[in-house]
Structures are given as C-alpha cells and as structure tokens.
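The values are calculated or read from the model by the stated rules, or taken from the named source; none is laboratory data. Bear in mind that the values here come from a model prediction, so they are computed numbers and not experimental data. Protein only, heavy atoms only, side chains kept; ligands, DNA and RNA dropped before computing areas. Shrake-Rupley method; radii C 1.70, N 1.55, O 1.52, S 1.80 Å.
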Amino acid sequence: LDKPLESTYALLGGSATQRFKVDDAVNPDEAVSKVQMETAVAGAGKVLNVWEYASSTELVVNSTTFVDTEYTLTITPKSANSRFLVMYNVNVRLGSAIGLGCRFTRNGAVIEAGNNYETYGGGQTNDIRQMSSKTRLDAPNTAGNVTYTLQVASYNSSAKINESGNKLSNIVIFELGA
C-alpha cells in the first residue's frame with residue numbers, strides 16, 4: 001500500500017490491497033465483526049443486474065402530452081435497498097420548430113418531470129437527426145416488481161423516433177447494490 005491503513009478501514013478478503021471503509025464503526029478503534037464486514041461488502045456499489053430493451057421500430061409522436069411507449073422493462077430487485085441507474089438513448093428526427101420530450105415513469109408514476117421540447121429543432125430549415133439521451137439514479141425502495149416505462153411527447157408537430165426503422169433506440173437499467 002502507498003499509505004498505511006487507517007483504523008476505520010477493514011481488509012477485504014485479508015488483502016492489504018483491497019480495503020473498504022466501514023461506516024458501522026462508531027469509534028476509530030472499534031472492532032468490526034466478520035458479519036459486519038461481509039454485510040458491507042455483499043453488494044455495496046456493485047452492479048447486480050443489467051437489463052435492456054431495444055427496438056428499431058419507427059414511432060411517430062403526435063401527442064403533445066406524454067404517452068407510454070413500447071420501451072418498458074419490469075424488473076425484480078435483488079434487494080429493497082437497490083438503486084437503479086435508468087438511461088434512455090432515443091434516435092430522433094425533428095423538423096423546423098418541432099420538439100420531443102422523454103421521461104421515465106416507475107410503476108405509472110413520473111419520476112422526473114420533463115417537457116415536450118427537451119430536444120428541439122429550433123428554426124432550422126432542414127430536418128435534424130440526433131440522439132436524445134438521459135440518465136437518472138432512482139431508488140424505488142421495494143423488493144417487489146418495478147416497471148420502468150419511457151414516455152414521449154411532441155412539441156408543435158410530429159416527431160419521429162427510429163425513422164424508417166433503420167435506427168436503434170433503447171432503455172438500459174443497471175441495478176446497483178446499496
């Protein structure tokens with residue numbers, strides 16, 4: 001090690017090169033039990049699962065209010081304390097003064113407010129094709145099934161996702177140990 005271990009750190013697997021901070025210790029010199037160490041290492045910060053839903057199906061978005069899409073995943077957490085890194089990547093085609101907004105719902109409830117012009121064509125005279133992406137960390141605090149759905153809404157006119165079916169959009173969810 002490049003510096004000595006402090007008393008608030010514990011060794012992982014008996015290795016001086018792998019250590020972690022034990023938040024359970026009240027005093028710097030407090031002994032940490034084997035059970036506390038195993039619990040702390042069990043999943044903290046680790047990627048526990050990864051899910052993806054991808055599609056190249058063209059979707060024409062005419063609604064100015066948010067509507068559900070086919071981009072949905074129902075998952076069962078490994079733990080009620082798990083956190084989820086929820087991401088979308090959407091191929092968008094916009095014309096002049098046309099916008100598209102995307103947002104996630106969890107079990108039907110919006111987890112992040114959005115608007116229908118997050119991706120906006122501005123005053124361009126030509127079509128704009130671009131990737132719209134967002135990442136959010138969510139903590140549903142349940143061990144029961146969780147359904148994440150991507151919702152979309154257009155601004156001013158029709159927006160297209162995966163135009164002509166030759167593009168790919170997806171949602172990806174990483175389950176992280178707490």
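For the set 78/160; 134/167; 46/167; 134/160, the pairs lying more than 26 angstrom apart at their alpha carbons are 78/160; 46/167. Each of 78, 134 has its accessible area taken with a 1.4 Å probe; listed largest first, they run 78, 134. Once the Cα-Cα distance is subtracted from the 0.36 nm per residue extended length, the residue 81 to residue 129 segment shows a gain of 13.4 nm. Proximity of backbone amide H atoms, modeled 1.01 Å from N, is registered between residue 58 and 165 at under 5 Å, excluding neighbours fewer than 5 places apart on the same chain. Residues whose amide H comes within less than 5 Å of that of residue 64, counting only those at least five positions distant or on another chain, are 154 (H built at 1.01 Å from N in the peptide plane).
Restricting the calculation to alpha carbons of the stretch 70-109 gives Rg and Dmax of 14.6, 46 angstrom. At the residue level, residue 79 shows approximately 40 square angstrom of accessible surface with a 1.4 angstrom probe and all protein chains present.
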